[in-house]
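The values are calculated or read from the model by the stated rules, or taken from the named source; none is laboratory data. All values derive from a computational prediction rather than experimental measurement. Here the Cβ is made from the backbone with ideal geometry for all residues, glycine too, and neighbour counts use every protein chain on show. These area figures cover heavy atoms from the full protein model, side chains too; ligands, DNA and RNA do not enter into them. Shrake-Rupley method; radii C 1.70, N 1.55, O 1.52, S 1.80 Å.
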Amino acid sequence: MCVRAFAPAFACRSNLCLIPRTSVSHPSTYSPQISRRAVITIILDTSPQKDHYTLLGIPRTADVGTVKRAYHAFLLRSHPDRQHTASPASVSASTSPSPAPASADSVDIGRAKDAYHVLSTPALRAQYDAELVRVQKAAGPRPANVISLEEFEEDGSGEVLMWTHPCRCGGVYRVSEADLETGRHLVGCGSCSEVVWVGFEVVEDEKGDEEG
Ligand SMILES: [Zn+2]
């Protein structure tokens, strides 16, 4: 048995997110260490469907002024012109050292606009908040993030193969091979209450794949 990272159908569980995210698959040439037991291809990035608050990086209690400032800050960060004006004359077109994920940005800008509109309109916001609470209750423990198994670091030093990933609290998310084999995706931080959704897929070993 081995595991393979995959993108869940992260269409939003409700209508909270208006723009479904398209996951890009890139069959990854993975490290030989992992492939001795596991075939892992990675098709997740680390951006889950964020709710409006998470997207703008503000708390649920943020007032309208805060929402507005966060939205403007978001636009400034994301605006393509912004990224080009940093050093106007120095960058030639041929070799750009910092490839910006332009398409992802434009999607995010659309979502940020939507987030700003909803959160700065009291009636819409109340409706949105209620729906958010409802969805999160229904969904159980809410992963703070989606992290592909590729983002984890393999740790083969112990008796069992483990994968670890640092939590922003300074703690560690830890997944064992057994966890992967039982299809456990929700992994809690060892030090705080944060939970992440780990992207992978368990697949049966292929038998007789001796081609080539
Ligand atoms: Zn933590």
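Laid out as a table, the results:
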read-out: Extension reserve of the CYS169-HIS117 stretch, reckoned as 0.36 nm per residue once the Cα distance is removed; value: 15.6 nm
read-out: HIS79-GLU154 FRET efficiency (beta carbon distance; Förster radius 45 Å; 0.05 resolution); value: 0.75
read-out: Area of SER106 that stays accessible when all protein chains are in place (1.4 Å probe, Å², to 10); value: 70
read-out: Accessible heavy-atom area order of LYS113, LYS50, highest first, probe of 1.4 Å; value: LYS113, LYS50
read-out: Solvent exposure ordering (accessible area, 1.4 Å, most first) of THR54, THR61; value: THR61, THR54
read-out: Theoretical FRET efficiency, 1/(1+(r/R0)^6), r = Cβ-Cβ of THR54 and LYS137, R0 30 Å, to 0.05; value: 0.95
read-out: Rounded to whole Hz, the Karplus (6.51, -1.76, 1.60) HN-Hα couplings of the stretch 168-185, x for glycine and proline; value: 5, 7, x, x, 9, 8, 10, 10, 9, 4, 4, 4, 4, 5, 8, x, 7, 9
